[in-house]
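Colleague: A single structure is presented below for examination.
Derivation of every value follows stated rules applied to the coordinates shown; laboratory data play no part. Since the structure is predicted, the reported quantities are computational estimates derived from the model, not experimental observations. With ideal geometry, Cβ positions are generated from the backbone for all residues, glycine too; neighbour counts draw on all protein chains shown.
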Amino acid sequence: MIRNNAADMAAKLVAGEITSVALTQAHLDRIAAVDTDVHAFLHIDTEGALAQAAAVDAKRAKGEKLSPLAGVPLALKDVMAQKGIPTTCGSKILEGWRPPYDSTVVANLKKNDIVILGKTNMDEFAMGSSTENSAYGPTHNPWDLTRIPGGSGGGSSAALAAFEAPLAIGTDTGGSIRQPAAVTGTVGVKPTYGGVSRYGLVAFSSSLDQAGPCARTVLDAALLHEAIAGHDPKDATSINAPVPQVVAAAKSGDVKGMKIGVVKELNGDGYQAGVRARFEESLELLAKAGAEIVEVSAPNFEYALAAYYLIAPSECSSNLARFDAMRYGLRVGDVDGASAESVMNLTREVGFGKEVKRRIILGTYALSSGYYDAYYGSAQKVRTLITQDFTKAFEKADVLVSPTCPTTAFKIGEKANDPLAMYLNDIATIPVNMAGIGGMSLPSGLADEDGLPVGFQIMSPVMKDERMYLVGAALEAALLSKWGAPLLDKAPIMGGGR
Amino acid sequence: MSSLSRDDVAKLAGLARIEMSDEELVNLANEFTVILDAVARVQEVAGADVEATSHPLPLRNVFRPDAVVPSLTPEEALSGAPAQEEQRFRVPQILGEE
């Protein structure tokens with residue numbers, strides 16, 4: 001039952017073959033069986049999930065009209081506020097904090113009767129590419145427990161790959177949905193910036209952060225996308241326009257006559273041989289499906305990583321100023337006569353991990369007087385150039401494609417002490433965030449040299465998210481008929497049988 | 001080219017309100033020499049003729065009707081407070097003694 005796709009689970013719920021309570025319990029049992037090894041979850045809400053499931057079953061029994069994913073369980077990244085449920089962002093500074101309100105994404109999930117199983121592990125405040133920066137210990141990749149599941153949303157991607165949940169929510173600031181999807185053989189989508197509300201998403205870099213769906217199939221991601229997307233008056237950057245028709249696109253998968261642009265700069269040197277091979281193979285399959293493959297150039301993408309590591313830390317140094325030990329979260333050193341400033345200093349010393357401190361200090365520097373123009377100001381100009389590169393590229397192609405990441409999953413600990421090597425993981429995903437466009441990663445097979453999953457990235461223009469779903473669905477179908485079974489069937493069996 | 005001393009990092013940590021040990025300061029100063037060299041590449045293409053982009057969407061003011069709507073109760077707002085007193089956040093001393 002747990003190996004089904006969300007859409008199949010939903011169909012069985014509608015047909016009365018299973019109940020949401022049974023489905024939810026099956027996933028809770030799976031979590032109990034494998035999560036000691038995987039560590040995808042930081043908090044499991046057994047009682048809440050079963051109560052929500054029972055409520056959906058009752059509504060269904062009464063014949064109420066329900067949403068397409070009603071009764072299907074989901075894992076929620078711990079960066080999303082959920083009323084009364086611990087929300088840590090993988091940080092000690094928020095340990096034990098229970099938000100007094102729901103984020104809009106959570107409100108939308110509840111409105112759609114999607115059952116929330118618990119909160120998933122992540123790099124602290126979503127800063128990282130491996131989930132090793134979590135204050136609560138790393139998550140392990142179900143394909144190989146000694147390897148990283150990607151980051152920052154490694155808990156969500158691992159939960160999907162280990163069949164602990166059929167759906168998950170991620171957030172993507174520089175690749176935190178797409179890179180974890182790539183290295184775990186799952187699907188992850190970063191919608192157009194402003195497509196999904198950021199209200200109640202604990203901010204890292206406000207001009208880049210975007211929540212989105214994670215799943216095991218393109219259609220499942222589309223169903224979840226439509227459930228969480230839409231205009232929200234509580235988010236001033238939310239786009240007030242109809243949600244792109246992504247479910248229809250995922251069901252169609254018709255790419256005949258579509259122009260698919262291969263970004264010259266996001267391939268070649270620095271990309272693992274097996275990653276390149278799977279990418280080329282996917283291009284051939286898309287050509288066979290009727291798409292026209294063209295090459296496009298984006299000369300300024302080579303500066304995207306540098307610009308990102310100025311813009312994101314700058315915004316984070318400002319956003320994380322709210323963790324001041326005054327109104328919520330950890331407070332350290334509040335002894336008689338201690339000043340507020342010393343309490344802040346001590347709390348932030350203890351509460352933040354190494355990478356978060358590194359980025360706050362870097363951002364403080366980039367924004368400081370005398371350096372602002374040279375660093376943050378220049379990075380903003382690069383952002384303009386990257387956006388212009390995309391605009392020109394989209395004149396020649398309907399979507400752009402590249403490998404999602406340069407390599408497959410690396411070993412836990414391998415890059416932990418080399419921040420620059422870690423940052424390079426995001427080289428192909430970052431341009432999308434800089435321009436605020438849509439990006440998807442879906443599995444394109446296993447690398448020959450290590451047998452680990454490889455991701456294929458599809459990028460679509462602002463609010464044309466349906467295009468990446470069209471291409472994703474076409475490629476997924478072609479690969480499935482080539483493989484004969486889903487890629488995750490090749491992953492090691494965990495927790496005693498299927 | 002760009003580099004930061006231990007004391008530079010100490011000043012930044014002070015501005016960012018993070019207490020740091022001497023070891024942390026020295027480590028960060030060393031790392032920043034490498035990181036700043038890498039990110040300084042943005043200056044190669046950031047000419048005077050290029051406009052800056054702060055945000056992917058054109059930002060505009062968003063207003064809501066001036067109507068009373070339900071909000072958090074004082075209990076809810078204070079539910080995460082490290083310390084509270086008389087329905088307020090209790091905070092450490094902010095001003096000096098004098």
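Colleague: Could you state the angle between the C-alpha long axis of helix B:6-15 and the longest principal axis of the C-alpha atoms of chain B, as a value from 0 to 90 degrees rounded to the nearest 10?
Modeller: So the inclination is approximately 20 degrees.
Colleague: Highest mean first, how do A:71-77, A:335-341 rank when packing is the count of other Cβ atoms within 10 Å averaged over residues?
Modeller: Order by mean packing, descending: A:71-77, A:335-341.
Colleague: Over chain B, with a Gaussian network built from C-alpha contacts below 10 Å, which listed residue (B:73, B:53, B:33) shows the highest mean-square fluctuation?
Modeller: Evaluated over chain B, the most mobile residue of the options is B:73.
Colleague: Could I ask something else about it? List the lysines whose Cα sits under 17 Å from the Cα of residue A:59, skipping any in the same chain fewer than 8 residues away.
Modeller: List returned: A:12, A:110, A:111.
Colleague: Among A:70, A:187, A:404, flag the residue with its Cα farthest along the positive direction of the charge dipole of the protein assembly as shown, charges on Cβ as +1 for Lys/Arg and -1 for Asp/Glu.
Modeller: Checked the options; the winner is A:70.
Colleague: Could you calculate, for segment A:44-149, the ratio of the Cα radius of gyration to the Kirkwood radius, expressed as Rg to Rh?
Modeller: Checking Rg against Rh, the ratio lands at 1.04.
Colleague: Here's something else I'd like to know. Mind computing the radius of gyration and Dmax over the alpha-carbon atoms of segment A:372-431? Å is fine for both.
Modeller: When restricted to Cα atoms, segment A:372-431 yields Rg and Dmax of 15.4, 42 Å.
Colleague: Can you tell me what percent of all Cα-Cα pairs in segment A:338-390 are more than 13 Å apart?
Modeller: Summing the P(r) of segment A:338-390 above 13 Å gives 70 percent of all pairs.
Colleague: Separate question: Sort the following peptides by mean Cβ neighbour count (other Cβ atoms within 10 Å, averaged over residues), highest first: A:457-463, A:92-98.
Modeller: A:457-463, A:92-98
Colleague: Also: By the gyration tensor of its Cα atoms, with a ≥ b ≥ c the square roots of the eigenvalues, what is the shape of segment A:305-347: rounded for a/c under 1.5, prolate for a/b over b/c, or oblate?
Modeller: prolate
Colleague: Ok, one more. Which of the GluC sites (Glu not before Pro) across segment A:12-69 are loop residues per DSSP, with 15 or fewer other Cβ within 10 Å?
Modeller: The qualifying sites are A:17, A:64.
Colleague: Could I ask something else about it? Quick one: angle between helix B:22-39 and the longest Cα principal axis of chain B, in degrees between 0 and 90, rounded to 10, please.
Modeller: Tilt relative to chain B: about 70 degrees.
Colleague: By its C-alpha gyration tensor, with a ≥ b ≥ c as the square roots of the eigenvalues, how is chain B shaped: rounded for a/c under 1.5, else prolate for a/b larger than b/c, else oblate?
Modeller: In terms of gyration-tensor shape, oblate.
Colleague: State whether the protein assembly as shown is rounded, prolate or oblate according to the following rule on the C-alpha gyration tensor (a ≥ b ≥ c being the square roots of its eigenvalues): a/c under 1.5 gives rounded; otherwise a/b larger than b/c gives prolate, and the remaining case gives oblate.
Modeller: oblate
Colleague: A further question on this structure: Evaluate the relative contact order of segment A:413-498 (contact order divided by residue number), counting alpha-carbon pairs under 8 angstrom at least 6 apart; express in whole percent.
Modeller: 20
Colleague: On to the next question. I'd like the FRET efficiency for residue A:350 and residue A:489, computed as 1/(1 + (r/R0)^6) with the beta carbon distance as r and R0 of 41 Å, rounded to 0.05.
Modeller: 0.35
Colleague: Describe numerically, in nm with one decimal, the distance between label points set 7 Å from Cα along Cα→Cβ at residue A:36 and at residue A:248.
Modeller: For residue A:36 paired with residue A:248, the spin-label model returns 5.0 nm.
Colleague: Continuing with this model, one more query. Can you list the DSSP H helices in chain A whose Cα atoms extend at least 24 Å along the helix axis and whose mean Kyte-Doolittle hydropathy is -1.0 or higher?
Modeller: A:20-38, A:378-396, A:465-483
Colleague: What value in Å³ per residue do you get for the convex hull of the alpha-carbon atoms in segment A:351-493?
Modeller: Here the figure is 166 Å³ per residue.
Colleague: Can you list the lysines whose alpha carbon is less than 17 Å from that of residue B:11, not counting same-chain residues fewer than 8 positions off?
Modeller: Answer for residue B:11, where 17 Å is the Cα cut-off: A:357, listed by chain and number.
Colleague: Only counting other Cβ atoms within 10 Å, I'd like B:60, A:383, A:3, A:358 sorted with the fewest neighbours first.
Modeller: Ordered from fewest to most neighbouring Cβ atoms within 10 Å, B:60, A:383, A:3, A:358 come out as B:60, A:3, A:358, A:383.
Colleague: If amide hydrogens are placed 1.01 Å from N in the peptide plane, which non-local residues have theirs closer than 5 Å to the one on residue A:452?
Modeller: Here the answer is A:447, since their amide H atoms fall under 5 Å of that of residue A:452.
Colleague: Sort largest first and round to whole Å: the equivalent ellipsoid semi-axes of segment A:1-90, each the square root of five times a Cα gyration tensor eigenvalue.
Modeller: For segment A:1-90, the semi-axes come out at 24, 16, 11 Å.
Colleague: A further question on this structure: Over segment A:87-196, how many percent of alpha carbon pairs lie in each 10 Å bin up to the one with the longest distance?
Modeller: Using 10 Å bins, I get a P(r) of 16, 45, 35, 4 for segment A:87-196.
Colleague: May I ask you to give the average projected area over all directions of the convex hull of the Cα atoms of segment A:155-300, in nm² rounded to one decimal?
Modeller: Its average projected convex-hull area is 10.2 nm².
Colleague: Let me ask something else about it. Compute the length gained on full extension between residue B:57 and residue B:90: take 0.36 nm times their separation in residues and subtract their Cα-Cα distance, giving the result in nm to one decimal.
Modeller: 8.0 nm
Colleague: Taking the Cα-to-Cβ direction at residue A:477 and at residue A:269 and moving 7 Å from each Cα, how far apart do the two end points lie in nm?
Modeller: A separation of 4.0 nm, rounded to one decimal place.
Colleague: Here is a follow-up. Could you tell me which of A:106, A:53, A:90 has its Cα farthest along the dipole of segment A:49-126 towards the positive end, charges placed at Cβ (Lys, Arg +1; Asp, Glu -1), taken about the Cα centre?
Modeller: A:53
Colleague: Principal axes first, then extents: for the Cα atoms of segment A:249-333, list largest minus smallest coordinate on each axis, whole Å, largest first.
Modeller: So the three principal-axis extents are 65, 35, 23 Å.
Colleague: Now for a different question. What's the exposure ranking of A:140, A:225, going from fewest to most Cβ atoms within 10 Å?
Modeller: Lowest count first: A:140, A:225.
Colleague: Where the centre of each part is set by its Cα atoms, how far does segment B:6-38 sit from segment B:71-88, in angstrom?
Modeller: Segment B:6-38 and segment B:71-88 have Cα centres spaced 36 Å from each other.
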